[in-house]
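Below is one structure; the comments refer to it alone.
The values are calculated or read from the model by the stated rules, or taken from the named source; none is laboratory data. The model shown is predicted, which means the values in this text are computed figures rather than measured ones. Please note: Cβ atoms are built from the backbone with ideal geometry, for glycine as well, and neighbour counts cover all protein chains shown. For accessibility, only protein heavy atoms count, side chains too; no ligands or nucleic acids. Shrake-Rupley method; radii C 1.70, N 1.55, O 1.52, S 1.80 Å.
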Amino acid sequence: MLTSTRLVSAALLATASLAPCANPVGAQATELSQGPYQRLLIRGATVVDGTGAPPIGGTDILIEGDRIAAVRGWNGPPLEIDDADRVIDAAGMYVLPGFVDMHGHIRDQPHGLPPEYIFKLWLAHGITTVRDAASHRGIAESVELRERSERNEIVAPRIFVYARTDPAYTGEQPGWHGGPITTPETARQYVRWAAEQGVDGFKSYGFPPDIFQALVDEASEHGLGTAVHLAQVHVARLNAVDAARAGVTTLEHFYGLAEALLEDQALTDYLVDYDYRDEVDRFRGVGLLWEDVAEAGSEKWEDVMETLLASEVTLNPTFSIYNTYRDVEKALNGPWLDEYTHPGTMSLFKPSREVHAAFFYHWTTEFEVEYRNMYQAWMAFVNEFKNRGGRVTIGTDAGVGLSLYGFSFVRDLEILQEAGFTPLEAVRAGTLDGARTITEPVGGSVEFGTVEPGKLADLVLVEENPLANFKVLYATGTYHVDDDSGEIGRSRGIRYVVKDGIVYDAEGLRQDVLRLVREAKDSARWRADDHEAR
């Protein structure tokens, strides 16, 4: 929960104001980070503050410890600070709030994928807060990582732990002796137990309606959030409208939304030889389902739209994770895959019948066309939901399906723009709206997500204008032309990332990620030709 223990204390700042992270994850962390400082001045930046306000140039930002103390630009003279411990000349740079990934996974993947790799890729892309949506490593380890990040003992984003509730997970959770959730009472008991373990919320794949309602109600009573990925095995009796009416905090992906929008049928019309266990069937069926949804502006469309808006549920569409299936060959040739993908992740990217979301061993042009058409309807609904006052956030679900940590967040910004969001709206979805959605269930004030006095000092500094081209945020940068020489090169991505007033050198983070990947590939456990475990 977002309490005073979730923030860096004044005592810690007093004793560590000039020190790098104390017990960092990774031997080179002291070369990557400095601070927090008693007084850090960022001078002359163009600020995109996350609220939706236009960019403001020539702005000075004063950070004291872990907090933004002052922001001075068009509405006053430059800040006159003579005793700053550090000054960053940000003339020509753009400063944004730290990004919030609402659907991250610190995956416990095969072959020893280290959390350090995931954390540094996230930070290198400006992601300073992550909702760990399922605590794959178990509640105890996830909470420990969260607390170490809170104390800035490790190089990592701020973490919010959302525990899974599916039967296979709860039945084997160490310390929980109630078995799988099968009744409303066991749902309530599990929530109470997990709350005592320190979780911030729960991720569900759906339940019978009475069990789901008990889960959401009990979580709400404890000031904890709820996220739901409505698996197809549950949507016949619990779709997006039902979940929103139950009071869930966020609807993940698109599951349950299309089923709520069905107009001429009550249930999904699956292919006659459909088998949910076959992921080609499962994911192709999702694309086909959107062919049957009500048209925009129809009575059914309006009814679903108004119900979701009235419920104040947040949509967390995770556009980037399914984008692969619009063009698999493009995803397979991403410019970052070879250098930046750890073998532990690459093992999940290879076409496979056994690995989740790696079903593109049989993914045809026809299926891709179905997904492109699906995206048109899906994006239209999400964009209209935003235009009518609904909240939309960014989540990536990276680590499977050729979706790579950090890179997928930038891709989601691009897809939001494709869906009709202005660049400022996309940035707000990835900053302030994520911060609000995480914070509201616990009833606290929003401590991050904007560049404003009093907020936690979470910032992204980039040398080119991301509103003109989100691609400048990729760790690999993007192509650009030197106007003086005429030479074509690549930009270098984000320059600095600030979390809790600690300044991280983004280039150093990127180099450390590349080192981790090279070392894993060179280890005795891997064959360099195909990255498979020996």
To the nearest 20 Debye, how big is the dipole of region 121-219 about its Cα centre, given +1 on the beta carbon of each Lys and Arg and -1 on that of each Asp and Glu? 260 debye
Per 0.36 nm of contour for each residue apart, how much would the distance between Glu519 and Glu384 grow if the chain were fully extended, relative to their Cα-Cα spacing? 44.0 nm
Just grab the label-to-label distance for Asp338 and Glu418, each label 7 Å out from Cα along the Cβ direction, in nm (one decimal). 2.4 nm
Among 302-314, 73-85, how do they line up by average Cβ neighbours within 10 Å per residue, starting with the highest? 302-314, 73-85
Placing +1 at every Lys and Arg Cβ and -1 at every Asp and Glu Cβ, with all other atoms neutral, what dipole size does region 262-410 have around its Cα centre, in debye to the nearest 20? 700 debye
Within the chain, the percent of DSSP beta bridges that are antiparallel, given to the nearest 5, stands at 50 percent
Residue by residue, what Karplus-based ³J(HN,Hα) values in Hz, rounded to whole numbers, does region 53-64 have, using 6.51, -1.76 and 1.60 with θ = phi - 60° and x for Gly and Pro? 5, x, x, 10, x, x, 9, 9, 10, 9, 10, 10
Take the alpha carbon atoms of region 62-119, find their center, do the same for region 212-228, and report the distance between the two centers in whole angstrom. 32 Å
So what's the back-of-envelope 222 nm ellipticity for the chain, counting only DSSP H runs of four-plus at -39500 (n - 2.57) apiece and dividing by all residues, rounded to 500? -10000 deg cm²/dmol
Accessible area (Å², per residue) of region 234-341, counting only protein heavy atoms and a probe of 1.4 Å: 44 Å²
Distance between the C-alpha centers of region 456-514 and region 243-263? Whole Å please. 36 Å
Length gained, Val233-Asn469, 0.36 nm per residue minus C-alpha separation, equals 81.0 nm
Highest mean first, what order results for 499-508, 426-435 on Cβ atoms within 10 Å? 426-435, 499-508
Helix axis angle, 139-150 relative to the chain longest principal axis, alpha carbon, degrees: 20 degrees
Computed over the chain: longest principal axis from alpha-carbon atoms vs helix 506-522 long axis, angle to nearest 10 degrees, is 60 degrees
Rounded, prolate or oblate: which one fits the chain, using the alpha carbon gyration tensor with axes a ≥ b ≥ c (rounded when a/c is under 1.5, else prolate when a/b beats b/c, else oblate)? rounded
For Lys455, which aspartates and glutamates qualify as cross-link partners when the Cα separation must be under 19 Å and same-chain residues fewer than eight apart are set aside? Asp49, Asp60, Glu64, Asp66, Asp101, Glu150, Asp433, Glu440, Glu447, Asp500
To the nearest 10 degrees, how steep is helix 115-124 against the longest Cα principal axis of the chain, on a 0 to 90 scale? 70 degrees
Treat every Asp and Glu Cβ in the chain as -1 and every Lys and Arg Cβ as +1, leave all other atoms uncharged, and give the resulting dipole magnitude about the Cα centre to the nearest 20 debye. 1140 debye
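First compute the accessible area of region 311-389 with a 1.4 Å probe, then give the percent of it belonging to carbon and sulfur atoms.
On the way: 1510 of 3280 Å².
That fraction is 46 percent.
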Once Lys and Arg get +1 and Asp and Glu get -1 on their Cβ, which of Phe421, His136, Ser149 lies farthest toward the positive end of the dipole of the chain? Ser149
A correct Karplus calculation of ³J(HN,Hα) over region 431-444, with 6.51 cos²θ - 1.76 cosθ + 1.60, θ = phi - 60°, whole Hz and x for Gly and Pro, returns 10, 4, 5, x, 4, 4, 5, 5, 7, 4, x, 8, x, x
Kindly write out, for region 396-408 in residue order, the coupling ³J(HN,Hα) from the Karplus curve 6.51 cos²θ - 1.76 cosθ + 1.60 (θ = phi - 60°), rounded to whole Hz, with x marking Gly and Pro. 10, 6, 5, x, 9, x, 6, 9, 9, 3, x, 4, 5
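Go through region 352-446 and name the GluC sites (Glu not before Pro) that are in a DSSP coil and have 16 or fewer other Cβ atoms within 10 Å of their Cβ.
Details: sites: Glu354, Glu366, Glu368, Glu370, Glu384, Glu414, Glu418, Glu425; in loops: Glu354.
Here the sparse-neighbourhood loop sites are Glu354.
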For Arg495, enumerate residues with amide H under 5 Å from its amide H, sequence gap 5+ or separate chain, H modeled in the peptide plane. Leu461, Val462, Glu463
From the cross-link list Lys120/Lys350; Lys203/Lys386; Lys350/Lys386, which pairs have alpha carbons spaced over 27 Å apart? Lys350/Lys386
Just to be sure I understand the model, the point goes 7 Å from the Cα along the line to the Cβ. What's the resulting Ile488 to His136 distance in nm? 3.7 nm
Rounded Å value of the spacing that divides the Cα centres of region 135-196 and region 368-437: 27 Å
Take Asp275 and Asp108, extend 7 Å from each Cα along the Cα→Cβ direction, and tell me the distance between the two endpoints in nm. 2.9 nm
